[in-house]
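Some notes on the structure that comes next.
The values are calculated or read from the model by the stated rules, or taken from the named source; none is laboratory data. Remember, predicted model here, so these are calculated numbers, not experimental data. Note that we place each Cβ from the backbone using ideal geometry, even for glycine, and neighbour counts take in every protein chain shown.
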Amino acid sequence: MTHSYESEWPQGVTVDQDLVAFFRSFYEISDIEGVVDQYVDQFTPDATFIPATRTLKGHDQIRAIRAAQWQKVGKRTHSIDKIFPFGSNSNELMLYGTVAMESQEGSKGSLDWAARAIVSKDAPDGKYRLKFYQVYLDYGAISRL
């Protein structure tokens, strides 16, 4: 089966198609090892990123964690099952899906994840970026891959 970064959105809720494209692109970029600057650019300069128990602020801290994310993981592929905006044209969303991973040693596994996101479209280029992004995932399971 071919992988897709498409996700399901609620019916009857107005969603900007640029936002749909943003999340599709964000997870596609997230799954490419070595892509640091393009990944960091998906966040506002003052963004808060909480990947587990640490709270990161701004591009410099996000850039540092991005490099560390691939130390044990050799390959990963996100599937975004559903995205739930908090009402029509909301900038606050909840997401959930799975991530298939392969360790540097070749062990494979799949984990469920969820996230809370607040997006902003305030940059001069008019593109969506994450202002707040918190991931809920069993990070201990990653170390057991």
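Below are the figures for this structure:
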quantity: Hits in segment 5-26 - residues which are closer than 19 Å to Arg76 by Cβ and either in contact (Cβ under 8 Å) with a residue 60 or more places away in the chain or in contact with a Lys or Arg (Cβ under 8 Å, 6 or more places away or on another chain) (or both); calculated: Tyr5, Glu6, Ser7, Phe23, Phe26
quantity: Meets criteria (touching a His at 6+ places or on another chain (Cβ under 7 Å) and either under 17 Å from Val119 (Cα atoms) or not hydrophobic (A, V, I, L, M, F, W, C) (or both)) for Tyr39; calculated: no
quantity: For Val15: the one exception among (1) under 16 Å from the mean Cα position of the chain (by Cα); (2) aliphatic (A, V, I, L, M); (3) surrounded by 15 or more Cβ atoms within 10 Å (Cβ to Cβ); calculated: (1)
quantity: Residue match in segment 31-43 (condition: modelled with pLDDT of 95 or more, touching a Leu at 6+ places or on another chain (Cβ under 9 Å) and either part of a strand (DSSP E or B) or of a type in the set (S, T, N, Q) (or both)); calculated: yes
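Rundown of residues vs (1) more than 17 Å from Leu137 (Cβ to Cβ); (2) surrounded by 15 or more Cβ atoms within 10 Å (Cβ to Cβ), yes/no style:
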{"position": "Thr53", "(1), (2)": "no, no"}
{"position": "Lys57", "(1), (2)": "yes, no"}
{"position": "Gln61", "(1), (2)": "yes, yes"}
{"position": "Gln69", "(1), (2)": "no, yes"}
{"position": "Lys72", "(1), (2)": "no, no"}
{"position": "His78", "(1), (2)": "no, yes"}
{"position": "Ile83", "(1), (2)": "no, yes"}
